[in-house]
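See structure below.
The values are calculated or read from the model by the stated rules, or taken from the named source; none is laboratory data. Since the structure is predicted, the reported quantities are computational estimates derived from the model, not experimental observations. Note that each Cβ is placed from the backbone with ideal geometry, even for glycine, and that neighbours are counted across all protein chains shown.
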Amino acid sequence: MRNFSYPTLEPYNFGGLEKQNYKSSKIVIVPVPYESTTYYQSGAKEGPWAIINASRHMEGFDIEQKNDISKIGIFTLEELEPSKNSPRETILRVENVISNILEDEKIPIMLGGEHSITLGAVSAFKKKYSREFSVLQFDAHSDLRDEFEGTKFHHGCVMRRVVDDLRLPITQVGVRSMSMAEEDFLKESKKSNIFFGKQFSIEEIMGTLKENVYITLDLDVFDPSIMPSVGTPEPGGLTWEDVLGVIREVGKNKNIIGVDVVELSPIPGLIAPDFLAAKLIYKIIGFISNSISLNQQKESVLKKEMKKNFEIFSESQLELEIWSDDKIVFRSDKQGLAGLMEFIEKYNHKFKHSIIFDKKAGRGVALLAAYLNVKMVYAKIGSDSAIETLKEANIDFDFKENVPNILNKKGTDICPIEKLSISHNADEFYKLLKESRQIIS
Ligand SMILES: [Mn+2]
C-alpha cells in the first residue's frame, strides 16, 4: 500500500495515545456499546465511542498526580459486538474478554453501554478472586429488581444478580430511586450496604469494603446538572468532588481490581458530559497507578529489609507453617526458608491469601509475612516490633494462646508437609509445588 505521509490527528483510542502496546499496558479499556432494553432517553450504545472521542482531547498531564497518567500504559480494545440473540450471550462475551485480561494480570476498565454488562465483568472477577472482593456501585438506582420487562438481565436487575446469583458483597452509593419491592428486598435480605443520596461518609463506605474492590459506576449517580446524558436522570445527585473523593480514598486504602463506567447516552452537541466521563476514567487510572507505585515502593523497602535481616533470624529456631489459598502447607526450617525466598525471587510468586502462624512472632516473622504478602498472621505471642511491622504492612494478626489449628480444619486438602519442607532451592521448590498441586487437584 502507498505510504501516506501527512500530519494526523490523535488516534481513536482512550487518551488518543500515539502508540498502543498491549504487553506493556497495565490498563485495558473495553468498549461495550450494548443497548437493548427500552429507555427514557436512549443512546447508551453511543456511550463508549463518545467517551473515547472526548478522551482524545484530554490533557495527558494530571495536576493532582503531577504526572502523565498514561505512562502506566493504556490499551484500548476494539468495540465488542453485542449479541443479537440474547442479553445473556452479550454478558458471556463480556465475561470472556474480561477473563482474558485478568489472566494477563492487567486491570480492565469497561465502557458502557447499558449497566447489564457489569454482570459479565463481575462474573469474570469472581472466577479469579472467588468471593474475596467487594463490588462498589455508584448509581442513582439500586438496580436490585429480580426481573424487569420480562428479563433477569435488564439493567435494573444487575446488582440483584451480583448479590443473589454471584453472592458477592456490595456497597451502593448515591441511590435516590427504587421500587417498593427493592425496599422489601433490602430490608429482608440485608445483602447490601446502601448509602442513599449524599448520606454517607467516606469512612463509613471504607468500613464496608474488602481489600479488593471492583467499581461499577453508573453515570446517573452524578447530578443531572453536570450529567444530563443518561437514560434516567435523577435530581439530587452527587458532585464531581463527591465521587472523586470516595474513589480517591478507595485507591489509597484498598486495591482497585477493575472498573466499569456505564450508561452514557450522549446528547448531540452537548460535549461536557462526555468529557466528564472521559476525565473521570482518567482520574481513576491516576488513583490506580498511584497506589501501584506506592505498593511497589513499600514492597521493595520491605524486601531489602527482609534480606538484610534474613541472616539474623534464620539463625533462630524459626518454625512456621504457611497455609495458602492454593491449599498448600509447608513447614519451614532455616534451609527451607532460604529455598522459599529464592523461589519467590526467581518465580515472582505471591502467596496472596496465605496465613502464617508461629509459636512466637517476632519482627522476623512479620517481615516474612509482609514479604510473602500474606493476609493474616496467627501466633501465640507477638512482639511489639512485630505488631508495628504488621500494621505498617497492613496485615491482620491475632496473637493469643490458642492458635487455631487450621491444619486440622475439615475439608482442607493438604499436601504432604515433609515433601515441601525438604526443598532447599528455588527450582526444587518449584517442582515440588507443582507436584503438590497435581496431588491436590
Ligand atoms: Mn444502574
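Of note:
- Here residue 10 qualifies as at pLDDT below 95 and either assigned to a helix (DSSP H, G or I) or in contact with a His (Cβ under 8 Å, 6 or more places away or on another chain) (or both).
- Any hit, region 97-118, residues being closer than 21 Å to residue 162 by Cα, among the hydroxyl-bearing types (Ser, Thr, Tyr), modelled with pLDDT under 95 and surrounded by fewer than 20 Cβ atoms within 10 Å (Cβ to Cβ): no
- For region 188-202, taking the residues that are more than 16 Å from the ligand (Cβ to nearest atom) and modelled with pLDDT under 95, the one that is nearest to residue 393 (Cα to Cα) is identified as 191.
- Residue within region 205-227 that is surrounded by fewer than 19 Cβ atoms within 10 Å (Cβ to Cβ), within 16 Å of the ligand (Cβ to nearest atom) and either over 15 Å from residue 281 (Cα atoms) or among the acidic types (Asp, Glu) (or both) present: yes
- Looking at 184, 242, just one residue is touching a Lys or Arg at 6+ places or on another chain (Cβ under 9 Å) and either farther than 24 Å from residue 120 by Cβ or not in a helix (DSSP H, G or I) (or both), and that residue is 242.
- Selection from region 80-116 of residues that are away from the ligand (no atom under 16 Å from the Cβ), not in a helix (DSSP H, G or I) and not basic (Lys, Arg): 80, 81, 82, 83, 85, 86, 104, 105, 107, 108, 109
- Residue check for residue 158: within 20 Å of residue 85 (Cβ to Cβ), crowded, with 18+ Cβ neighbours inside 10 Å and assigned by TED's automatic domain parsing to the domain that holds residue 116: yes
- Taking every residue in region 112-140 that is under 23 Å from residue 244 (Cα atoms) and pairing it with any residue that is within 9 Å of the ligand (Cβ to nearest atom) and part of a helix (DSSP H, G or I), at least 6 positions away or on another chain, the pairs with Cβ-Cβ distances below 7 Å are 115/158; 118/158; 137/159; 138/221; 139/220; 139/221; 140/220; 140/221.
- The single residue among 251, 258 that is in a strand (DSSP E or B), in the same structural domain as residue 194 (by TED's automatic domain parsing) and either of a type in the set (D, E, K, R) or crowded, with 22+ Cβ neighbours inside 10 Å (or both) turns out to be 258.
- Test result for residue 185, buried (at least 16 other Cβ atoms within 10 Å of the Cβ), of a type in the set (Phe, Trp, Tyr), more than 14 Å from the ligand (Cβ to nearest atom) and more than 23 Å from residue 114 (Cβ to Cβ): no
- Selection within region 133-152 - buried (at least 18 other Cβ atoms within 10 Å of the Cβ), away from the ligand (no atom under 13 Å from the Cβ) and part of a loop (DSSP other than H, G, I, E, B): 133, 152
- Residue 197 vs. criteria at positive phi and touching a Lys or Arg at 6+ places or on another chain (Cβ under 6 Å): yes
- Residue count for region 232-242, restricted to those that are surrounded by fewer than 23 Cβ atoms within 10 Å (Cβ to Cβ) and either under 19 Å from residue 287 (Cα atoms) or within 13 Å of the ligand (Cβ to nearest atom) (or both): 7
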